[in-house]
Amino acid sequence: MAEEIDDNDFYRENFSADSDWEVFNAQLGELLQKWEVAVDVGVPLQPEELFHCKWHVESQTLDMLRNSIAVDYYEAQPTNTPTVVAGEEGSTCLQRTNCHHDLMCSWNSFGPPIRNSSELHTLARIYGLRRFVLMHPVHAASNYMKSTSEFNFFLSAAAVVAAEVSSVVPIFVQLYDPKWNFYTGVALAPALRTNFRLIGLEQAPPECRYLTGLVTLFRDKLPSAYTEEARVSVRTTYTLDAVRIRMPLYVPFDHGLSSEDIAIDGDVEQLDVQHFYALPHGYAPESSTESYLVYTWPELSESVAFDSEQRTDFLPSKAPLGKIYLSVEAFSYLSCCLQDYQAVGKVERSLESYVGRNFSGISSGAERTNPLDKLTEHKLTSRRERNYELPSQAGLTKRLPGPMTESELTELLVYLFPDMHPEMALFPYAKQSFKEKFDPMRIKSAVADSLVCRLSCLLATCHAHLGSLEGMAQLWAAFTRQLRLLWDNSLSVPGVAPGFPDTRTCLLHQKLQMLNVCVERRLQREALGRRKQQQQKVVEEQLLTDEDEEDDVEFFDCDEPTSASGSPTKAVLSLKPEGRLKRLGQEHLLDEPEEFLYIPETQEPVPKTEDQLQDDAEVMLKLGPGSGLSTQMMCTSLLSDMEAFKAANPRGKMEDFIRWYSPKDWEQVQNESGETVHQLSVRMTTEGNTWQKVWHQAQPTPVARQRRLFDDTNEALKVLHYLETRNMSEIYGLTIIPTLHTAILKLIDIYSNAHVEDLFSSHIEQLLNELCRVSRAHTNELPNVRNLLDDLAELERRFYQFKCFERLAGYPKCSSLTEIKRQFEEILKNDNSCTIVDKKRGAAGDVLCSSGSLYDILSPKLEEDISNRLISKDYVIRLDGDTKSTEKGLYLGPQFMRAIVTGDKLRLCGAFTESTTFV
């Protein structure tokens, strides 16, 4: 069998194929060229600009060794105008790159000690780099690099590719678990190579925790001898006791829900409000503000200061620069309530699934069970003859399943409808106008403290504290049942702006306005019916009286009517004017100069809500402009007005109608002889004009005999049906904007009572602008309020931070409110930091600017036990070569080391540069 084997087919290997390492290098090289890493771009960074500017981040995924490797590119985008730094004008070294500038720049040595997820990358904080490339596994948390072979594989690839593409941007590889923040990297320059290394020690030698030992370690790591002294930047961070202020939970109409019984450390302080808004407020017990005192020595020579285990010069009292940083963790009940309410937008369950069918009580709540009684009932009941009479409240809150009891639900209804419960009402609707507080041209909401705002806030509160979705459904069902009761008794809905539906307000407010319009039209129609009945009764009585008087009068037979005698009678009757309102000034009919032109009595305009107008527009768009039904929809009101005009002006013609109805279409022109005459406009005389068609169709019919354009009963039932058939998501869509609007008004009220409204006025204005944009977004989807809620929560955290800072500064005994507000304004502008020490020394060492009152208050707290309050020391040691060298190989390159000492732990981050020129 051995003879059957062909040796040429076995053990064959294609040595010309690219290896995985070469393929990876080729892909990485293409990425680096795409990101233009060979171009040394950038301007000198301003002080602390690296920690405030925006960052451009790109990421690509490469496949290598059956793993996915992510390659990220980070680039800072400075916004300030570049300035020439003193002493940098002569830096013409051909080998010096922006990487070297960043390592040697002491202006961005230390960032804020308070970090969050949105801050810049750790590598930028450690080394002060503005551009760098990072390689790491895609799923680094579970598949991180943990072997030396992997480190060397990717680090060697980075070095080779960087040399091939002439990269001046550092390239890093992430090692071990990402939460440890371990990186190794390399940066190349002409004739220079910078190696980035990072190590961590859980138990560092005592001498390496102070500057003296660190400088010695730094000198030992230098690849060549430097004659210059190293420059040192130092920062020490101390912590103060956390400030915790208890602001208990307040729930409107709470039934044992207050947090007064929760025992926590800290002082109790109530949030004072002037107006009642049905939204919770207060802060969770775990809310607190931590304070950090940071003292900085921006740049010193290594021989100037002494720092060892026995003695140190880096004390807070000797620091040239000191700042306080506030880290707040506050959980507001108002923000939590609104965040929870946002989840209702995803619930598609119907209202009936919570409260059952027939919750409106149309049949079950009727006093009579026989439907014939309702049909035969007289339309004009004695109840409607009175101006305002409270109907029976029996059964309004009964038989509504839900978590709230009948008494609890009644209390909420009393707040919504105080006029219906005068004996229990505590918050009646204000009679004055709210125009100075609500601009309808801005936020598409409703008047503050109106029925819409009250209902919206109660729904959010019910969802958070009074039964979740079941409580919401129970309240909405009781609300719609109350509206039906008001309609049945011809009573207006309270807390709603008068007039037609205002499309500048939210849809729920428009629906309630429509219901009130229907009630008004119904009362007017019934009042008109009563007057007609009285008039008819008087006429009948007069006729009976005349018949009694003429019983003895002799009658004569009349001639039989002829065909000719009936025609003039009909003609005379047809020319009898009807439905005249008043004369149109001194205008006369064109064909009858002696007869005045009269304005007819017309039907009132038809009110429509925003969704009805949108539905009409969609129907007309589908029908097209030439459709007869489309014309009929547009011209219904025009036809009614033309018929009323013909009835009031029997001898009038279309020109007379236009003179009254559309004066702009009655134009003044000059004829051929130069005389001034009037004629219809072009759009009125065009052949097939809609106005002419409608004029020919119109019959002389006064308003009294016309068909109603607006059926108030039908429209009211539509509104009630609309509200009763909303699911939970749609209820949320109707009420979220008024809820947010009221929440902002509540914040304004709280800040006003705390006398800090001037501090947060700009933030409030931003919230209102964002709410205006969201409320007027032209979309059928639910409004996206996530960003708005985040901003609102941040504003509430800021207020809690201010109250803690106020307590920290010793208000009112040790400092004034004006001084505290001035310093807190600096905290708002400078990333939660405020300067407490700023010593500027002249040539003779005189202090030009010293500490303020806040430093005097905080210093004794440090002197009590300064060793226990120190949490970290940060040393940055720099050493640069001769930057004026213009020949390759003479520049020694920058040397950088950062040491972070936290108790016994030590982290060393080095960037040591060596020459690649072989002499």
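For segment 482-526, a/c is not less than 1.5, where a ≥ b ≥ c are the root eigenvalues of the C-alpha gyration tensor, and a/b does not top b/c. That puts it in the oblate class. Using a cutoff of 8 angstrom between alpha carbon atoms and counting only pairs six or more residues apart, the relative contact order for segment 128-190 works out to 38 percent. Given their separation in residues at 0.36 nm each and the Cα-Cα distance between them, residue 708 and residue 637 gain 24.5 nm when the chain is fully extended. Taking 7 Å steps out from each Cα toward its Cβ at residue 787 and residue 442 produces label points 2.0 nm apart.
When you restrict to C-alpha pairs under 8 Å that are six or more residues apart and normalise by the size of segment 580-712, the relative contact order lands at 28 percent.
Would you mind ranking 288, 224 so that the residue whose beta carbon has the fewest other beta carbons within 10 Å leads the list?
224, 288
With the alpha-carbon atoms as the only input, what is the per residue convex hull volume for segment 107-168 in Å³?
Considering the Cα atoms of segment 107-168, their hull volume per residue is 134 Å³.
Across segment 238-243, rounded Karplus estimates of 3J(HN,Hα) from the backbone phi angles (6.51 cos²θ - 1.76 cosθ + 1.60, θ = phi - 60°) give 10, 10, 9, 5, 5, 8 Hz, Gly and Pro being marked x. Label-to-label distance for residue 503 and residue 270 is 4.8 nm, based on points extended 7 Å past Cα in the beta-carbon direction.
Length gained on full extension, residue 685 to residue 914: 73.2 nm, using 0.36 nm per residue less the C-alpha separation. Note on residue 769 and residue 668: with the Förster distance fixed at 45 Å, the Cβ-Cβ geometry gives a FRET efficiency of about 0.40. In this entry, segment 647-763 is assigned a mean projected area of 17.8 nm², taken as a quarter of its C-alpha convex hull surface.
What length, rounded to one decimal in nm, is gained on full extension from residue 30 through to residue 828, with 0.36 nm per residue of separation minus their alpha-carbon distance? Write down the numbers at each step before the final one.
On the way: separation 798, 0.36 × 798 = 287.28 nm, distance 4.37 nm.
Residue separation times 0.36 nm, minus the Cα-Cα distance, leaves 282.9 nm.
Of the residues 817, 801, 787, the one whose Cα sits farthest towards the positive end of the charge dipole of segment 773-825 is 817 (charges of +1 on Lys and Arg Cβ, -1 on Asp and Glu Cβ, taken about the Cα centre).
Using the beta-carbon distance between residue 535 and residue 342 and R0 = 45 Å, what value does 1/(1 + (r/R0)^6) give for FRET efficiency, to the nearest 0.05? List each step's numbers first, then the result.
Details: r = 59 Å, r/R0 = 1.31.
Efficiency, rounded to the nearest 0.05: 0.15.
Segment 892-911 and segment 784-800 have their alpha-carbon centroids 38 Å apart.
For segment 580-712, count all C-alpha to C-alpha pairs, find those more than 18 Å apart, and express that count as a whole percent of the total. Display every interim value, and only then the final one.
On the way: 5460 of 8778 pairs.
Considering segment 580-712, 62 percent of its Cα-Cα pairs are separated by more than 18 Å.
Placing a pseudo-label 7 Å from each Cα along the Cα-to-Cβ vector at residue 79 and residue 613 gives an inter-label distance of 3.9 nm. For the residue pairs 146/905; 54/318; 746/829; 511/653; 54/873; 431/746, alpha carbon separations beyond 30 Å are given by 54/318; 511/653.
No lab work stands behind these numbers, since they all come straight from the coordinates. Owing to the predicted nature of the structure, the values given are computational and were not obtained by experimental measurement. No Cβ is skipped: glycine too gets one built from the backbone with ideal geometry, and neighbour counts run over all protein chains shown.
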